[in-house]
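Right, one structure below, let's go through it.
The values are calculated or read from the model by the stated rules, or taken from the named source; none is laboratory data. Quick caveat: nothing in here was measured; it's all calculated off a predicted structure. A quick note on method: Cβ atoms are made from the backbone with ideal geometry, for glycine too, and the neighbour counts reach across all protein chains shown. These area figures cover heavy atoms from the full protein model, side chains too; ligands, DNA and RNA do not enter into them. Shrake-Rupley method; radii C 1.70, N 1.55, O 1.52, S 1.80 Å.
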Amino acid sequence: MSPRLELTLFSLILLLAAALRLGWPELTEFKRDEAALYSLALDVAEFKALPLRGIGSSVGLPNTPVSVYLFALPLFVWKSPLAATLWVGALNTASVALAWWMARRYWGVRVALIAALLYAAAPWAVLYSRKIWAQNLLPLFVVGYIFSALLAFIEGRRRWLIVHFGLLTIVAQLHYSGLVFVPLTALLLLIFRRNVDRHSLGAGAALALLPALPFVAYLLSQTSNGISGQMQIPQARLNMQAPELAALVAMGTDIHSLAGPQAFRDYLASVPDFTALFWLGGALTIAGALLALRSQFQSESHHAIRNTQYAIRNTHHTSLILFLWLLLPLLAFLPGLVPVFPHYFILLFPAPYLLAGIALDALLARFEGRPVRVLVWLIPAAIAAAQVWAFAALLSFVGARATPGGFGTPLGLLLHVAGSVRGAPDVIVVSTGTNPGFDETPAVFHALLRGAPHRFVDGRTTAVLPAGEARVVLWPGGVNDSVLNVYRAVAVHESLTPLRQGEGEVRTLTVSGAAALSPPHPRPASALLANGAEILGWGRDADSWQLWWRVALEADEDATIFAHLLDASGNRIAQADVPTYPASGWRAGDLVISHFSLPIAEGTTVRTGMYASFSLQPVAVLDAAGNPAGQWVEFQIGR
């Protein structure tokens, strides 16, 4: 193959990789984890904080802050989730180029081009390149880790051992699955001890410590009980799900899972069945792994793969390292010490495609005839074409229609909604939940509305009507009809933002002066509570009983409202507790209507008051002189 043809083919492959990873950045997920990681990175980019830990992990121990620091880099230039999303795509595109370079150096031109093509088009490799997720940063550093191992141990370039150790610690800190490479490095140090000198080893160990220092400082700042309490106690049991998930990620099967349990069949009906081609790719990976394993037991003179005129070194140890790269993650997760998820096998990329390239290169070496060789070259081309088709169809599908339990609302739609209310003097996001640390919609809009005044209200139970002008975002599925009717009754302007088909639409309302409203059944004299809440009266509709109250003074602690329904004899026949909205969002003059599901009937009594959400201490009702005068007020229904 001529250098010009090789460069042309590689350029086309890299363009394909870039298009799939960088194209349509607004068509990506932005859920709670993505929002939390983006917010931490933005703290760094805005010089507000230097986090010592990342977001939580599935094993209980928090992630290290390395991913936060890496995601902060593009935010120094452009403070937008799109910048961080494109950054992930760019790094993963670079990993395709680095994998090609490494394969070309050690296994030859044909292996490099085949592996790069299969890697560029691999559906899960693409999907894991398109959103703000710590583990999505892994591939470039994993390829660098393996490349530096080959340079240091195979070629004896001892200074590369320093780089190898640095990349190992970054990989292990980006995601704890990267710890499976520690035994690989230990094994290579043992096998190639003659290529290791104490100076490089010491410098490498020192470099490995540097990225870990912030997290070490975090761990030291915690008590031993605090750290152990965060970690899960592992119980060993054989977990055959590990090889299944590794095969899924490597071959590109089951990407329909992103369409969710309700819509995946519709997606599958929209694309041809490419299962046979995907499994052919898996078979080639196994064949390449067997060739790599066999090469370990042959002399170097028998092992050399043909067409390696551009490869400077091709010993049996290079293929052994490649084989171990594929094998170690499978072995590490077989004992089932931790739950296993597909993204744990991101660190395999692009080992399966390098092995498939070795298998196809060996096949090409057996045939001299041009027609047969053309057919062999068509194999990776067909696999890649099928994978691109399946991925493009999936991206179109999840971007156009709701996918419950699968792909979340695309980032572009979320940015549009956030942009439509940014600049308002007050923004109230009404959805399910109010805590950005735990609840999906608040987490997303807390990140997207950063720098703009905003607060959160649980639309299942609460309507907050501010004294001044505000924009209210009503998120579909998070607002009950009673709360919706309250907001629509006082809105001076309403606009709709359609989401994906079947996902509903976002209502954005402008409200002004709504706090002047009065309850249908006002209390003769309002009751002031010790936390600054002023109970005004009550109302009801077909679905709920409503407590009307106003924020007289801003509170320091979150509160929960209780409502006890009493019969004519004073016996409690029902009760309900409803959290208010976060105390950090209380504004003097807010009119609040809290909704309770109670079987209200004529002749009953509702006893209501508040208690502190965390300490559970009752909030006193004050008399005219400001002294505690009880713990509740009562309303007679129908009298």
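Phe215 passes every criterion in (1) open to solvent by 10 Å² or more (accessible area, probe 1.4 Å); (2) closer than 26 Å to Val96 by Cβ; (3) touching a residue at least 60 places away in the same chain (Cβ under 8 Å) apart from (2). Just give me the residues in the stretch 56-69 being closer than 14 Å to Ile132 by Cα and either surrounded by fewer than 20 Cβ atoms within 10 Å (Cβ to Cβ) or of a type in the set (Asp, Glu) (or both), in sequence order. The one that is closer than 14 Å to Ile132 by Cα and either surrounded by fewer than 20 Cβ atoms within 10 Å (Cβ to Cβ) or of a type in the set (Asp, Glu) (or both): Tyr69. Beta carbons closer than 9 Å, at least 6 apart along the sequence or on distinct chains, pair a first residue in the stretch 333-345 that is crowded, with 16+ Cβ neighbours inside 10 Å with a second that is among the β-branched types (Val, Ile, Thr) and at pLDDT 85 or above for Phe333/Val180; Phe333/Val340; Pro342/Val249; His343/Val249; Tyr344/Val249; Phe345/Val249. Scanning the stretch 30-52 for residues that are out of contact with any helix residue (DSSP H, G or I) (no Cβ under 7 Å at 6 or more places or on another chain) and open to solvent by 20 Å² or more (accessible area, probe 1.4 Å) returns Asp33, Asp43, Glu46, Phe47, Lys48.
The set of residues in the stretch 157-182 that are over 28 Å from the mean Cα position of the chain (by Cα) and open to solvent by 30 Å² or more (accessible area, probe 1.4 Å) comprises Arg157, Arg158, Arg159, Trp160, Ile162, Val163. On the stretch given as the stretch 592-611, residues that are open to solvent by less than 10 Å² (accessible area, probe 1.4 Å) and either in contact with a Lys or Arg (Cβ under 6 Å, 6 or more places away or on another chain) or small (Gly, Ala, Ser) (or both) total 2.
Consider Val111 carefully, then state whether it is among the hydrophobic types (A, V, I, L, M, F, W, C), more than 19 Å from Leu207 (Cα to Cα) and under 18 Å from the mean Cα position of the chain (by Cα). No, not satisfied.
Is one or more of the residues making up the stretch 480-492 modelled with pLDDT under 95 and under 30 Å from the mean Cα position of the chain (by Cα)?
yes
Looking at this structure, is Leu91 more than 30 Å from Leu210 (Cβ to Cβ), surrounded by fewer than 23 Cβ atoms within 10 Å (Cβ to Cβ) and touching a residue at least 40 places away in the same chain (Cβ under 8 Å)? Spelling it out, it is not the case that Leu91 is more than 30 Å from Leu210 (Cβ to Cβ), surrounded by fewer than 23 Cβ atoms within 10 Å (Cβ to Cβ) and touching a residue at least 40 places away in the same chain (Cβ under 8 Å). Screening the stretch 183-217 for residues that are polar (S, T, N, Q) and at pLDDT below 85 and picking the one that is nearest to the chain's Cα centre (by Cα) gives Ser200. Kindly provide the set of residues from the stretch 612-639 that are at positive phi and open to solvent by 90 Å² or more (accessible area, probe 1.4 Å), ordered by number. Passing the criteria: only Leu616. Yes or no: the stretch 10-21 includes at least one residue that is assigned to a loop (DSSP other than H, G, I, E, B), modelled with pLDDT of 95 or more, of a type in the set (A, V, I, L, M, F, W, C) and open to solvent by less than 60 Å² (accessible area, probe 1.4 Å). Among the residues of the stretch 10-21, not one is assigned to a loop (DSSP other than H, G, I, E, B), modelled with pLDDT of 95 or more, of a type in the set (A, V, I, L, M, F, W, C) and open to solvent by less than 60 Å² (accessible area, probe 1.4 Å), which makes the answer no. A count restricted to the stretch 509-529 and to residues that are within 24 Å of Leu622 (Cβ to Cβ), among the polar types (S, T, N, Q) and assigned to a loop (DSSP other than H, G, I, E, B) stands at 1. Looking at the structure I just gave you, is Ala452 open to solvent by less than 40 Å² (accessible area, probe 1.4 Å) and closer than 23 Å to Ser80 by Cβ? Yes, satisfied.
Give the number of residues within the stretch 463-500 that are assigned to a helix (DSSP H, G or I), free of Cβ contacts under 8 Å to residues at least 40 places away in the same chain and within 15 Å of Ser431 (Cα to Cα). Count: 1. Taken together, the criteria exclude Val506 from residues that are within 22 Å of Ala424 (Cα to Cα), part of a helix (DSSP H, G or I) and open to solvent by less than 40 Å² (accessible area, probe 1.4 Å).
Test each condition in (1) without any contact (Cβ under 8 Å) to a residue 40 or more places away in the chain; (2) open to solvent by 40 Å² or more (accessible area, probe 1.4 Å); (3) of a type outside the set (Gly, Ala, Ser); (4) within 17 Å of Glu34 (Cα to Cα) for Thr441 and report the one that comes out false. Result: Thr441 fails condition (2) only. Taking every residue in the stretch 3-23 that is among the β-branched types (Val, Ile, Thr) and pairing it with any residue that is in a helix (DSSP H, G or I), at least 6 positions away or on another chain, the pairs with Cβ-Cβ distances below 6 Å are Ile13/Ala116; Ile13/Leu117; Ile13/Ala120. In the set (1) in a helix (DSSP H, G or I); (2) without any contact (Cβ under 8 Å) to a residue 12 or more places away in the chain, Gly451 fails one condition alone, (1).
Here Gly60 passes the criteria (1) farther than 23 Å from Ala172 by Cα; (2) in a loop (DSSP other than H, G, I, E, B) except the one numbered (1).
You will find that of Leu73, Leu82, Leu98, Leu137, the residue that is open to solvent by 10 Å² or more (accessible area, probe 1.4 Å), in a helix (DSSP H, G or I) and in contact with a helix residue (DSSP H, G or I) (Cβ under 6 Å, 6 or more places away or on another chain) is Leu98 and no other.
Table: residues versus (1) within 16 Å of Gln617 (Cα to Cα); (2) charged (D, E, K, R).
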{"site": "Gly539", "(1), (2)": "no, no"}
{"site": "Trp549", "(1), (2)": "no, no"}
{"site": "Leu553", "(1), (2)": "no, no"}
{"site": "Asp558", "(1), (2)": "yes, yes"}
{"site": "Leu566", "(1), (2)": "no, no"}
{"site": "Ile573", "(1), (2)": "no, no"}
{"site": "Pro579", "(1), (2)": "yes, no"}
{"site": "Ala583", "(1), (2)": "yes, no"}
{"site": "Trp586", "(1), (2)": "no, no"}
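Regarding Leu566, is this residue farther than 28 Å from Ile428 by Cα, in contact (Cβ under 8 Å) with a residue 24 or more places away in the chain and open to solvent by less than 30 Å² (accessible area, probe 1.4 Å)? Here the answer is yes, as Leu566 does meet what is asked.
The set of residues in the stretch 114-134 that are more than 20 Å from Phe345 (Cα to Cα) and either at pLDDT below 95 or open to solvent by 10 Å² or more (accessible area, probe 1.4 Å) (or both) is empty.
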